[in-house]
Amino acid sequence: MDRRIACLVVVAVLTAGSSALHSEETADDSNRKTTSHWLDVAEEVAKRQRLFNPSAPDKPFKLHEQAIFRHTQSVRGDDIGAVFLWTAPASERPAAIGVFFAWSQGRMRNVMEEFHSFHSGPIRREAAGHPTWDCPDAGLQWNRADNLPAPDSDIRRVKLQARQFPRRLGVKTTTSQGQNWELRSVPKPFYEYTDIDSGIQYGAIFGFCQGTDTELLVAVEARQVDDERAWYYALAPFSDYQIQVDLPDGKTWNSPDGALGENGKPHFWGAVERRPKPEFER
């Protein structure tokens with residue numbers, strides 16, 4: 001081959017490679033900006049919420065400083081969102097958990113909200129311009145896990161024991177068309193806490209996800225009841241699909257039915273607003 005031609009070929013290949021690399025870097029930068037933008041929106045919406053016990057409206061629940069989990073969803077849609085947690089006054093124990101996310105529709109994104117009460121009593125959510133969410137009853141149904149070894153006296157071992165429980169669960173969602181999705185367990189807890197006054201030696205919130213989108217939360221607590229230590233667990237759905245959980249004792253739990261904007265239940269979800277996409281996302 002003529003050396004001049006060979007040189008031109010090499011230059012063309014290098015230029016094409018450089019152009020492709022630049023395009024990939026530009027796309028990656030745009031994706032990072034897009035994710036960061038909509039995570040900021042999720043935090044903004046979370047900070048607008050006011051949650052409290054209706055019998056003590058002057059003592060609102062406290063929003064945890066940072067999101068306890070974040071997700072970008074590629075399995076089902078293109079959701080970008082985050083999970084936030086509120087605690088009751090003077091307590092580390094979760095009182096409510098909310099998920100705020102945005103999904104794409106043309107040049108806009110729909111911002112959505114989803115809550116589940118973790119409170120032992122009634123709860124109310126108020127946010128300007130949005131329906132009030134009221135849950136008159138306790139948010140979770142706690143069950144004693146008698147088939148698990150008693151919590152250890154060493155807190156380090158208790159934490160290891162707690163991580164074993166979600167690993168023993170089989171979790172799937174079923175769409176309205178009958179399609180099943182096996183959910184994956186996130187090994188690290190989203191949130192950990194203690195509440196000595198309530199006899200809780202250790203508590204943790206674990207998540208099950210479709211892709212990276214949280215569909216189910218599992219609360220696990222090591223409790224001191226009289227002179228006996230025991231494990232307790234509760235399940236909190238965060239999905240508009242039906243959820244089935246195969247439990248270690250051989251029983252099966254199915255999530256209760258619900259509908260968009262349905263009030264009066266521990267699980268509530270609805271639309272917040274529509275926002276235009278930023279220029280770098282379009």
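When only residues in segment 259-273 that are modelled with pLDDT of 90 or more and small (G, A, S) count, which is nearest to V111 (Cα to Cα)? Ranking the qualifying residues of segment 259-273, first place goes to A271.
Looking at segment 43-55, which of the residues that are over 20 Å from the mean Cα position of the chain (by Cα) and either charged (D, E, K, R) or surrounded by fewer than 17 Cβ atoms within 10 Å (Cβ to Cβ) (or both) is nearest to T72 (Cα to Cα)? So that I can check it myself, show each step before the final result.
We begin by selecting, within segment 43-55, every residue over 20 Å from the mean Cα position of the chain (by Cα); these are 52-55.
Checking the rest, the ones that are also either charged (D, E, K, R) or surrounded by fewer than 17 Cβ atoms within 10 Å (Cβ to Cβ) (or both) come to 54-55.
Details: P54: 34, S55: 37 Å.
Checking each candidate, the answer is P54.
Of all positions in segment 58-79, at least one carries a residue that is on the phi > 0 side of the Ramachandran plot and touching a strand residue (DSSP E or B) at 6+ places or on another chain (Cβ under 7 Å). Against the test of being among the hydroxyl-bearing types (S, T, Y), more than 30 Å from D29 (Cα to Cα) and in contact with a Gly (Cβ under 9 Å, 6 or more places away or on another chain), the options Y241, Y202, Y193 yield a single qualifying residue, Y193.
For residues that are surrounded by fewer than 17 Cβ atoms within 10 Å (Cβ to Cβ) and within 20 Å of the chain's Cα centre (by Cα), scanning just segment 33-42, find the one that is farthest from Q66 (Cα to Cα).
Keep residues of segment 33-42 that are surrounded by fewer than 17 Cβ atoms within 10 Å (Cβ to Cβ), which gives 33, 35-36, 40.
Restricting the remaining residues to those that are within 20 Å of the chain's Cα centre (by Cα) gives 35-36, 40.
Values: T35: 16, S36: 14, D40: 11 Å.
Ranking the candidates gives T35 first.
What residue, of P54, P60, is farther than 22 Å from V272 by Cα, touching a Lys or Arg at 6+ places or on another chain (Cβ under 8 Å) and not charged (D, E, K, R)? Can you show your working first?
On the way: P60 fails: farther than 22 Å from V272 by Cα.
Every option except P54 fails the conditions.
Residue pairs whose Cβ atoms lie under 9 Å apart, sitting 6 or more positions apart in sequence or on different chains, and linking a residue in segment 56-69 that is within 17 Å of A204 (Cα to Cα) and touching a residue at least 24 places away in the same chain (Cβ under 8 Å) to a partner that is surrounded by 16 or more Cβ atoms within 10 Å (Cβ to Cβ) and among the hydroxyl-bearing types (S, T, Y), are H64/T87; H64/Y191; I68/Y191; F69/Y191; F69/T212; F69/T214. Checking each residue in segment 223-282 for being among the small types (G, A, S) and touching a residue at least 12 places away in the same chain (Cβ under 8 Å) picks out A230, A234, A236, S239, S255, G258, G261, G264, G270, A271. Scanning segment 245-264 for residues that are in contact with a Ser or Thr (Cβ under 9 Å, 6 or more places away or on another chain) and within 16 Å of Q141 (Cβ to Cβ) returns V245, S255.
Of all residues in segment 237-264, which are in a strand (DSSP E or B), surrounded by fewer than 21 Cβ atoms within 10 Å (Cβ to Cβ) and among the aliphatic types (A, V, I, L, M)? V245 - this is the single residue of segment 237-264 that is in a strand (DSSP E or B), surrounded by fewer than 21 Cβ atoms within 10 Å (Cβ to Cβ) and among the aliphatic types (A, V, I, L, M). Residue-level analysis places D40 among those that are under 16 Å from P276 (Cα atoms) and without any contact (Cβ under 8 Å) to a residue 12 or more places away in the chain. One residue stands out in segment 163-175 among those that are without any contact (Cβ under 8 Å) to a residue 60 or more places away in the chain and over 13 Å from L235 (Cβ atoms): the one that is farthest from the chain's Cα centre (by Cα), namely Q164. Of a type in the set (V, I, T), closer than 21 Å to G270 by Cα and at pLDDT 85 or above - does that describe any residue in segment 18-41? Among the residues of segment 18-41, at least one is of a type in the set (V, I, T), closer than 21 Å to G270 by Cα and at pLDDT 85 or above, which makes the answer yes.
The values are calculated or read from the model by the stated rules, or taken from the named source; none is laboratory data. Source: prediction; values computed, not measured. All Cβ positions, even for glycine, are placed from backbone atoms using ideal geometry, and neighbour counts span all protein chains on display.
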